[in-house]
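Chemist: I am attaching a structure below and will ask some questions about it afterwards.
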Amino acid sequence: MPSAAPILTSDQLEAFGAELEAIRTRVIADLGERDADYINKVIRAQRGLEVAGRGLLMAGFLPPAWLAGTAALSVSKILDNMEIGHNVMHGQYDWLKDPRLDGNTFEWDTACPGDQWRHSHNYVHHTHTNIVGKDRDIGYGILRMSEQQPWRPYYLGNPIYATLLALLFQYGVAVHDLETDQMPTTEAGLQQRSEMALEVWRKVRAQTLKDYILFPLLSGPSFPFVLAGNATANLTRNLWAFTIIFCGHFPSGTVEFTEQEAENETRAQWYYRQILGSANLTGGELFHIMAGNLSHQIEHHLFPDLPAHRYAEISADVRDICERYGIPYNTGPLHKQFASVVGRICRLALPPLPPQLGRVARRAVRLAPAPLTRPLAGFVHKMVGLMKPSTPPRTETSRPQPPAVLTPGRELIAA
Amino acid sequence: MLHSNLAEALAYPHGIDRYIELVRPLQVKGEMRAEVTGVHHQTAKSVTLTLAPSENWRGLRAGQFVGVSVVIDGVRETRPYSPAGSEHERNGTLELTVSTHPEGKVSRHLRDQAQPGMIVGLTAPQGQFVLPDPRPERVLLISGGSGITPVMAMLRTLCDEGYSGEIGFLNYARSPQLALYSGELAQLARRHHSLHVARGFTQGRAQGLKGRFGRKHLRAAGVDHRTAATYVCGPPTLIESVRALWAADGLKQPAVETFTAPVQRFETVAATGAVHFLASERTATNTGLPLLEQAEDAGLRPNHGCRMGICNTCATRKTEGTVRNIITGALSSACDEQIRLCVCVPVGDVALDL
């Protein structure tokens, strides 16, 4: 909990927490057939798209079949990982008591073994959200994503590492829990890590066998087309997941915390940290489904175990609470949020500027990523535009700005 | 072909069943299911279903029960039912007679909603309430209310086997209108001379045995209870009376099966009862703390993460009992549900698969 955040008294903070708790209680009381129908429908769509995609790729020597098959398989993998896998593994559907949707046993179509994900994501990331040194989603052990991470010359490669991570995202996530940047010191630690590495290897092997050997072989003469289609689908999923996930905590305005700040938090303070550390994306219904509703990152971090398709419904209430308590609610369209993430990746590649450097130098640093971000932002903007936003994105001016005291690290650069 | 290793490798990681079931729900390999093929109502408070199980169903012994799963308002509910059909049913179908009670979510759902074509889930049969092999010389079957189903299965099985020993069949119902299998019992009694059927009605003035279970009723069942292999299924009061009489006569206690309805309401949340950790075979007195702490206090090391109901790492199957969620205050007493140990405190006895 940021000690330097005197914007709420402890009574106000508790009242704020109680209001959020009331939303949770209300949704839980309302859970039922609608939620079961929803997730079953998404699963049917995913399985249908997968079968259709793989079927079409068998005729992949015909360009339209290859394109349609690859597109269907890409969408299927995105749904599998995001709206189904990520959300089911949070236990969002445990209350259905359906063993097929049991959060503790569900497995997904990606390189990361479900059990390791449940630890690194559900526990480490969701409990210690945005605490530098504890939340490994800050930079995945290879990137500098926060001013609070001390700069080293290694980080000059930040944009390159980020690009590689995006391209190979499923493997980045898979080795995420191995803490590759920290060597275990004890024998038990080494033993545990080698077991985890073995699990990752088994999962990667099974995934590779399926996508890059069995399905291509099964297609006979279409072998290269199926191989290329499957690789493209995996790549598309990687890039999309990276984009959405990095927009969850790194657009400008999100706050990181120190371990001291988060010590002895109450639940209300924990809620407060979740909101300050997360950012939403605006878009249409289809966009939110494809984003696994992680476009409602704030609501997801408040209530990670509520069915994600409910986040849109409660977002107005969460936002209203935030406005009444003067807590910034960070949201914006994908192209804008992603551009700001790319900006941060590039900016943090460089060491913090000493104050004696002139205004010109600081401006140069701020503008440096623009040539990189502009074409990408334009592309993303077009993609999202195709999905027709159901609600007009809020303008920048109506968004409350975070209190300056909460972002000491950023002040160094932006001030 | 569909269930080959190749198919499984292609369907990794979900498994081929998850694709097959979208088209043919009965052809999955990893789960047992059944299709309802017949529905009839013997009484106003019951429904009798004929179930055609999937190919992976391996049959059951008369008297055993199976977990039957249905989806109600999206939630999968599982309840134990003892099929009433013979072990030797020729086409392998199962017969379920489900009696409703006012709080019975699943029983009322089945009575009101079951239609031919409906798919239900089945668990493997369980229970030691079965006839021994070889069959005993004399058999006495005592039942009350919906408890008639497992002994009906035994009776039908013995009749199918051409069993020549004596069978006493003593059954209680509230009234003839609510009595199950009346026509068939009368028919079987006519056909099998060694079968004696005696029925008691606890309400009204219908013909039959008067009052509740006692020595007189045993005589009406026509089998010497001291030498017969006895099977009792029914409400706790019936079972207690039978046990008392057997104890008074210095006899070995009969085989007993009972299904008690879960307690539905709690007024207080005092720390009472015990926590049973089934997998580790330990029991601890309920201290009123969250189950995660109680498990740790008992020397167990359950998997856990946030300890605040967020990450779901500690989700564990609760097989019995009621817990209160300390965040929502909600009580939950369903059997076989996943609970988060870190935010659930037991209300009375609780059993965990831990």
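Chemist: Would you confirm, using the coordinates I've provided, whether A:Leu190 is away from every other protein chain (no Cβ under 14 Å), more than 28 Å from A:Pro333 (Cβ to Cβ) and among the aliphatic types (A, V, I, L, M)?
Modeler: Numbers: away from every other protein chain (no Cβ under 14 Å): yes; more than 28 Å from A:Pro333 (Cβ to Cβ): yes; among the aliphatic types (A, V, I, L, M): yes.
Yes; evaluated as a whole, the condition is true for this residue.
Chemist: When you check A:Glu147 against the structure, is it without any contact (Cβ under 8 Å) to a residue 24 or more places away in the chain and either open to solvent by less than 40 Å² (accessible area, probe 1.4 Å) or within 29 Å of A:Ala231 (Cα to Cα) (or both), yes or no? Break it down into steps so the answer makes sense when it comes.
Modeler: Details: without any contact (Cβ under 8 Å) to a residue 24 or more places away in the chain: no; either open to solvent by less than 40 Å² (accessible area, probe 1.4 Å) or within 29 Å of A:Ala231 (Cα to Cα) (or both): yes.
When the stated conditions are applied, A:Glu147 does not pass them.
Chemist: Filter region B:291-307 for residues that are open to solvent by less than 40 Å² (accessible area, probe 1.4 Å) and within 14 Å of chain A (Cβ to nearest Cβ) and give the result. Before you say what the answer is, go through the steps one by one.
Modeler: Of all residues in region B:291-307, those open to solvent by less than 40 Å² (accessible area, probe 1.4 Å) come to B:291-292, B:294-295, B:298, B:300, B:302, B:305-306.
Matches in region B:291-307: B:Leu292, B:Pro302, B:Gly305, B:Cys306.
Chemist: Quick one: is A:Gln170 polar (S, T, N, Q) and either farther than 30 Å from A:His249 by Cβ or without any contact (Cβ under 8 Å) to a residue 60 or more places away in the chain (or both)? Walk me through it before giving the result.
Modeler: On the way: polar (S, T, N, Q): yes; either farther than 30 Å from A:His249 by Cβ or without any contact (Cβ under 8 Å) to a residue 60 or more places away in the chain (or both): no.
The answer is no for A:Gln170.
Chemist: Please enumerate the residues belonging to region B:90-111 that are hydroxyl-bearing (Ser, Thr, Tyr) and either part of a loop (DSSP other than H, G, I, E, B) or farther than 17 Å from B:Thr37 by Cβ (or both). Working first, answer last.
Modeler: First, pick out the residues of region B:90-111 that are hydroxyl-bearing (Ser, Thr, Tyr): B:93, B:97, B:99-100, B:107.
Scanning region B:90-111 gives B:Thr93, B:Ser99, B:Thr100, B:Ser107.
Chemist: In this structure, is A:Val204 crowded, with 24+ Cβ neighbours inside 10 Å and over 20 Å from A:Asn87 (Cβ atoms)?
Modeler: Spelling it out, it is not the case that A:Val204 is crowded, with 24+ Cβ neighbours inside 10 Å and over 20 Å from A:Asn87 (Cβ atoms).
Chemist: Please determine whether any residue of region B:192-208 is assigned to a helix (DSSP H, G or I) and either under 24 Å from B:Leu60 (Cα atoms) or open to solvent by 20 Å² or more (accessible area, probe 1.4 Å) (or both). Steps first, please.
Modeler: Start the filter on region B:192-208 by keeping residues that are assigned to a helix (DSSP H, G or I), which leaves none.
Within region B:192-208, none of the residues are assigned to a helix (DSSP H, G or I) and either under 24 Å from B:Leu60 (Cα atoms) or open to solvent by 20 Å² or more (accessible area, probe 1.4 Å) (or both).
Chemist: So, one more: Can you name the condition, by its number, that A:Asp37 falls short on among (1) open to solvent by less than 20 Å² (accessible area, probe 1.4 Å); (2) within 11 Å of chain B (Cβ to nearest Cβ); (3) not aromatic (Phe, Trp, Tyr)?
Modeler: Only one criterion is unmet by A:Asp37, namely (1).
Chemist: Another one. Test of understanding: among A:Ala312, A:Ala364, which residue is open to solvent by 30 Å² or more (accessible area, probe 1.4 Å), among the small types (Gly, Ala, Ser) and at pLDDT 70 or above? Reasoning before the result, please.
Modeler: Details: A:Ala364 fails: at pLDDT 70 or above.
Going through A:Ala312, A:Ala364 in turn, the sole match is A:Ala312.
Chemist: For region A:288-333, which residues satisfy the criterion of being among the small types (Gly, Ala, Ser) and in contact with a helix residue (DSSP H, G or I) (Cβ under 9 Å, 6 or more places away or on another chain)? Spell out how you get there, then give the answer.
Modeler: Residues of region A:288-333 that are among the small types (Gly, Ala, Ser), as a first pass: A:291-292, A:295, A:308, A:312, A:315-316, A:326, A:332.
Hits for region A:288-333 are A:Ala291, A:Gly292, A:Ser295, A:Ala308, A:Ala312, A:Ser315, A:Gly332.
Chemist: Under the condition of being assigned to a loop (DSSP other than H, G, I, E, B) and away from chain A (no Cβ under 11 Å), which residue from region B:17-51 is least open to solvent (accessible area, probe 1.4 Å)? Before the answer, list the steps.
Modeler: Just the residues of region B:17-51 that are assigned to a loop (DSSP other than H, G, I, E, B), to begin with: B:21-24, B:28-31, B:41-45.
Within this subset, residues satisfying the condition of being away from chain A (no Cβ under 11 Å) are B:24, B:29, B:41-45.
Values: B:Arg24: 137, B:Lys29: 105, B:His41: 99, B:Gln42: 58, B:Thr43: 12, B:Ala44: 82, B:Lys45: 98 Å².
By that ranking, first place goes to B:Thr43.
Chemist: Could you please give the count of residues in region B:334-354 that are in contact with a Ser or Thr (Cβ under 8 Å, 6 or more places away or on another chain), surrounded by fewer than 24 Cβ atoms within 10 Å (Cβ to Cβ) and more than 14 Å from every other protein chain (Cβ to nearest Cβ)?
Modeler: Residues that pass the stated criteria total 3.
Chemist: Check whether at least one residue in region A:22-31 is over 23 Å from the mean Cα position of the chain (by Cα), polar (S, T, N, Q), within 11 Å of chain B (Cβ to nearest Cβ) and outside any loop (DSSP other than H, G, I, E, B), and report yes or no.
Modeler: The answer is yes, given that some residue of region A:22-31 is over 23 Å from the mean Cα position of the chain (by Cα), polar (S, T, N, Q), within 11 Å of chain B (Cβ to nearest Cβ) and outside any loop (DSSP other than H, G, I, E, B).
Chemist: Among the residues of region B:308-333, how many are buried (at least 18 other Cβ atoms within 10 Å of the Cβ) and facing chain A (nearest Cβ under 7 Å)?
Modeler: Of the residues in region B:308-333, 5 are buried (at least 18 other Cβ atoms within 10 Å of the Cβ) and facing chain A (nearest Cβ under 7 Å).
Chemist: Being at the interface with chain B (Cβ under 9 Å from one of its Cβ atoms) and either within 12 Å of A:Leu178 (Cα to Cα) or in a loop (DSSP other than H, G, I, E, B) (or both) is the filter here, so list the residues in region A:114-123 that pass it.
Modeler: Hit for region A:114-123 is A:His119, nothing else.
Chemist: Specify the residue that is farthest from A:Val173 (Cα to Cα); the eligible residues are those in region A:111-129 that are among the hydroxyl-bearing types (Ser, Thr, Tyr) and out of contact with any Asp or Glu (no Cβ under 8 Å at 6 or more places or on another chain). If you could, list the steps in order and put the result at the bottom.
Modeler: Start the filter on region A:111-129 by keeping residues that are among the hydroxyl-bearing types (Ser, Thr, Tyr), which leaves A:120, A:123, A:127, A:129.
Applying the additional criterion that residues be out of contact with any Asp or Glu (no Cβ under 8 Å at 6 or more places or on another chain) yields A:123, A:127.
Numbers: A:Tyr123: 15, A:Thr127: 18 Å.
Checked region A:111-129; the qualifying residue farthest from A:Val173 (Cα to Cα) is A:Thr127.
Chemist: Please specify each residue of region B:150-189 satisfying the condition of being open to solvent by 10 Å² or more (accessible area, probe 1.4 Å), assigned to a helix (DSSP H, G or I), over 19 Å from B:Arg219 (Cα atoms) and modelled with pLDDT of 95 or more.
Modeler: Matches in region B:150-189: B:Arg156, B:Cys159, B:Asp160, B:Ser182, B:Gly183, B:Glu184, B:Gln187, B:Leu188.
Chemist: Which one of A:Leu286, A:Leu302 is of a type in the set (A, V, I, L, M), in contact with a Lys or Arg (Cβ under 9 Å, 6 or more places away or on another chain) and under 21 Å from A:Lys41 (Cα atoms)? Step through it out loud before you land on a result.
Modeler: Working: A:Leu302 fails: under 21 Å from A:Lys41 (Cα atoms).
None of the other options fit; the residue is A:Leu286.
Chemist: Moving on to the next point. I'd like the full set of residues that are touching an Asp or Glu at 6+ places or on another chain (Cβ under 9 Å), β-branched (Val, Ile, Thr) and not in a loop (DSSP other than H, G, I, E, B), limited to region B:275-295.
Modeler: Selection gives B:Val275 alone.
Chemist: If you don't mind, there's one more thing I want to ask. Tell me which residues, restricted to region A:320-347, are among the basic types (Lys, Arg) and open to solvent by 40 Å² or more (accessible area, probe 1.4 Å). Please lay out each step first, then the result.
Modeler: The first filter runs over region A:320-347 and keeps only residues among the basic types (Lys, Arg), leaving A:324, A:336, A:344, A:347.
Residues satisfying the conditions are A:Arg324, A:Lys336, A:Arg347.
Chemist: Out of everything in region B:71-89 that is outside any loop (DSSP other than H, G, I, E, B) and more than 14 Å from chain A (Cβ to nearest Cβ), what residue ends up being most open to solvent (accessible area, probe 1.4 Å)?
Modeler: Only one residue fits best here, namely B:Pro80.
Chemist: Being surrounded by 14 or more Cβ atoms within 10 Å (Cβ to Cβ) and more than 18 Å from the chain's Cα centre (by Cα) is true for just one of A:Ser194, A:Ser219. Which residue is that? Break it down into steps so the answer makes sense when it comes.
Modeler: Values: A:Ser194 fails: surrounded by 14 or more Cβ atoms within 10 Å (Cβ to Cβ).
Going through A:Ser194, A:Ser219 in turn, the sole match is A:Ser219.
The values are calculated or read from the model by the stated rules, or taken from the named source; none is laboratory data. Being a predicted model, the structure only gives us computed values, none of them experimental. Ideal geometry is used to build each Cβ from the backbone, glycine not excepted, and the neighbour counts take in all protein chains shown. Calculation scope for accessible area: heavy atoms of the full protein, side chains included, ligands and nucleic acids excluded. Shrake-Rupley method; radii C 1.70, N 1.55, O 1.52, S 1.80 Å.
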